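First up is the structure itself, then whatever we jot down about it.
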Amino acid sequence: MQLSAKASVLRSLFAAKGAFVSGNQLGRELGISRVSVWNHLDALKEEGFRFEAIRNRGYRIVEEPLAFHPDGFAARLALQPCPFFKSYLYLPETGSTNDVAANEFASGREAPFFVISDNQRSGRGRRGRAWYSPPARNLYLSIGLRPELPPTRLQSITLWLGLQISQKLRQVTGLPVMVKWPNDLYLHGRKLAGILTEARVDSEQTRELVVGIGLNINTQAAEFPPELAASATSLAIASGRSWPVVHIAAELLQALATAIEAFLENHYAERLLLDWPEHDYLRDRTIQHEQAEGRVIGIHPNGSLRIQRPDGSVAVVHSGEVGLA
Ligand code: BTN
């Protein structure tokens, strides 16, 4: 993907990992004058970046905007290439990225691709619920795939991707993120993220699959609407600091690309069962599900939840809502 001049400047500065890069070097790398470099840095300052400039040494980044920055994102992706995705679409504002992804399939966009937005007017959650999607705070991401798999294999993809997101977020933030079967990520007992997987299936094949991920990154506690105030959290609330959305997004996309490849090649079941217990929010808890009540004793490789009833019998449930008893 072709980088803009501002994205190229950012890529060189990110690549230096906090060290100074001279104006001459930036100009040489981009084939532009030092004055043009300076103009691009000036424009980036207007957009929320802060640079330290030292005579004879050059520039370095000291602060990044928290909200999604398209050039910052392109620069990070250029440094962590994700060849798995053929393309992506960034929309500063949209209705729902899952709906945009479905429309992109209809207009023939080649999969795998992803859609990312900084503001959803009508973000959707599971079971017809709304997904709280304020501007300039969080990640709203939908991945479009044509997996050519029987629908039975898709049961576990949400679980597998949830586990990978949990692992990556733990690695990047150091926070004890957990996965709550089947679609949620939890942190300190509150919901941090949700996954909405939607498929178009015909004649026993999955034609189009959209995996939508909503992750609360920088929403502050006082900003959540009253109905979420007691149950939702964000990385910022849990860590006491803010996180540039593009940093988290680029890290997650790389992890997701690797995870989806492993899934499509069917190299994931062993890892899923091995890593699940450490991330399982429901492990050993007594829960209520429409089909069974009892203690959670883990998952089945196909992604179903295993519940041990008080009489010792084991129920295997494939979908639905789980409540803590
Ligand atoms: C849930 O927990 O109910 C699932 C929430 C999924 C939200 C994401 S945000 C990006 C994508 N676009 C949507 O409209 N929904 C998903």
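Some notes on this structure:
- Mean Cβ count within 10 Å, highest first, over the residues of peptides 243-256, 213-226: 243-256, 213-226
- Tensor-based shape of region 193-325 (alpha-carbon gyration tensor, a/c under 1.5 rounded, otherwise prolate or oblate): oblate
- For region 273-325, Kirkwood radius (reciprocal of mean inverse C-alpha pair distance, Å): 11.0 Å
- Per-pair calculated FRET efficiency, R0 = 30 Å: E293 and E227 via Cβ, rounded to 0.05: 0.70
- Helix 245-264 axis, angle to the chain major axis (alpha carbon atoms, nearest 10°): 50 degrees
- For K180, a cut-off of 18 angstrom between C-alpha atoms picks up these aspartates and glutamates, skipping any fewer than 8 places away in its own chain: D275, E278, D280, D284, E290, E293, E321.
- A DSSP coil position with no more than 12 other Cβ atoms inside 10 Å describes the following trypsin sites (Lys or Arg not before Pro) in region 125-156: R129.
- Inter-site label distance for R285 and V35 at 7 Å from Cα along Cβ, in nm: 6.2 nm
- Annotation note: trypsin sites (Lys or Arg not before Pro) in region 16-76 located in DSSP loop regions with a Cβ neighbour count of at most 14 within 10 Å are K17, R55, R57.
- Point-to-point label distance, E46-A5, nm (Cα→Cβ direction, 7 Å offset): 1.3 nm
- Rounded to the nearest angstrom and listed largest first, the equivalent-ellipsoid semi-axes of the chain from its Cα gyration tensor are 39, 22, 18.
- Axis of helix 269-279 versus longest Cα principal axis of the chain: the two differ by about 90°, to the nearest ten degrees.
- Of K45/K168; K6/K45; K17/K86; K86/K191, those spanning more than 22 Å from alpha-carbon to alpha-carbon: K45/K168; K17/K86; K86/K191
- Packing-based order for 309-316, 200-207, using average beta carbon neighbours within 10 Å, highest first: 200-207, 309-316
- Spin-label pair S22-S122: with each label point 7 Å from Cα along the Cα-Cβ axis, the two points sit 5.6 nm from one another.
- Counting DSSP beta bridges with both ends in region 63-143, the antiparallel % (nearest 5): 45 percent
Bear in mind that the values in this text are calculations on the coordinates, not laboratory data. In this text, all values refer to a predicted model and were calculated from it rather than measured experimentally. A quick note on method: Cβ atoms are made from the backbone with ideal geometry, for glycine too, and the neighbour counts reach across all protein chains shown.
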